[in-house]
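Quick notes on the structure that follows.
Please treat every number below as a calculation from the coordinates, not as lab data. Fair warning: this is a prediction, and the values are worked out from it, not measured in the lab. Reconstructed Cβ throughout: ideal geometry from the backbone, glycine too, with neighbour counts over all protein chains shown.
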Amino acid sequence: MRKIEIFVNGVWDASFEERQELVIYDKGEVHTIDAEDYEEFIDELEKKGFDCYLCIDMFTNPNWDGGIIWDLRQVTKQLELQEEIVEKSGINIVSCGNCGATILHRCEAEQITCHACGYDSEPCDFPDLNY
Ligand SMILES: [Zn+2]
């Protein structure tokens, strides 16, 4: 049976559909499942409240003619410090997916609104700072 991988809560460029270029910064949690269980797995995931996932196999089919870029950078000192802030305060530091402004928000927020441009979306459209 064919196995596929699904990345959950990782970090990737959310504008890949317009840009025809998928950039993956962090795979997040990797789940390997049977290809035929895809629909069921995604349904379960959405029931649990995860709406930020990526299946790389979607980008190996002929309908996708863009590129896939892996940019799994080494953990830097900045990133370590940022994680420390998040752990101690519950406040995360992200960049606006629209205008690039730096935004502070509580980790449990389900929706983020940019104070600079008003862009309002899910957390996966606001990449963590330093990624
Ligand atoms: Zn913005």
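How large is the charge dipole for region 3-70, taken about the Cα centre, if only the Cβ atoms of Lys, Arg (+1) and Asp, Glu (-1) carry charge, to the nearest 20 debye?
Using only the charged Cβ atoms, the result is roughly 260 debye.
Once you sort the root eigenvalues of the Cα gyration tensor of the chain as a ≥ b ≥ c, which label holds: rounded (a/c under 1.5), prolate (a/b larger than b/c) or oblate (the other case)?
Note, shape of the chain comes out prolate.
What is the angle, in °, between the Cα long axis of helix 77-89 and the longest principal axis of the Cα atoms in the chain? Nearest 10 is fine, range 0 to 90.
80 degrees
State, to one decimal in nm², a quarter of the convex hull surface area for the C-alpha atoms of region 48-115, i.e. the direction-averaged projected area.
Its average projected convex-hull area is 6.9 nm².
Principal axis lengths of region 77-125 from Cα atoms, whole Å, largest first?
28, 21, 16
Name the cysteines of the chain that stand alone by the Cβ rule: no other cysteine Cβ under 4.7 angstrom.
C55, C107 - these cysteines have no disulfide-compatible partner (Cβ-Cβ under 4.7 Å) in the chain.
For the chain, with a Gaussian network of springs between Cα atoms less than 10 Å apart, report the residue from V86, V23, V94 with the top mean-square fluctuation.
Result: V86 has the largest fluctuation of those listed.
Could you run the Karplus curve 6.51 cos²θ - 1.76 cosθ + 1.60 with θ = phi - 60° over region 4-16 and give me ³J(HN,Hα) per residue in whole Hz, x for Gly and Pro?
Coupling constants for region 4-16: 10, 10, 10, 9, 10, 6, x, 10, 8, 6, 6, 9, 4 Hz.
Lys/Arg Cβ at +1, Asp/Glu Cβ at -1, dipole of the chain taken about the Cα centre: which of T60, Q20, W70 is farthest positive-ward?
Going by the charge dipole, the pick is W70.
Once both labels are modelled 7 Å past Cα along the beta-carbon direction, what's the E108-K88 spacing in nm?
Each label point lies 7 Å from its Cα, and together they span 2.2 nm.
Could you check which residue among A109, A101, A14 shows the biggest mean-square fluctuation in a GNM of the chain with a 10 Å Cα cutoff?
A109
Round to the nearest 0.05 the FRET efficiency obtained for K47 and W70 when R0 = 25 Å and r is the Cβ-Cβ distance.
Efficiency, from the Cβ-Cβ distance: 0.25.
So what's the projected area for region 3-70, the Cα convex hull averaged over all directions, in nm²? Intermediate values should be presented prior to the final figure.
Values: hull surface 18.2 nm².
Computed as one quarter of the Cα hull surface, the answer is 4.5 nm².
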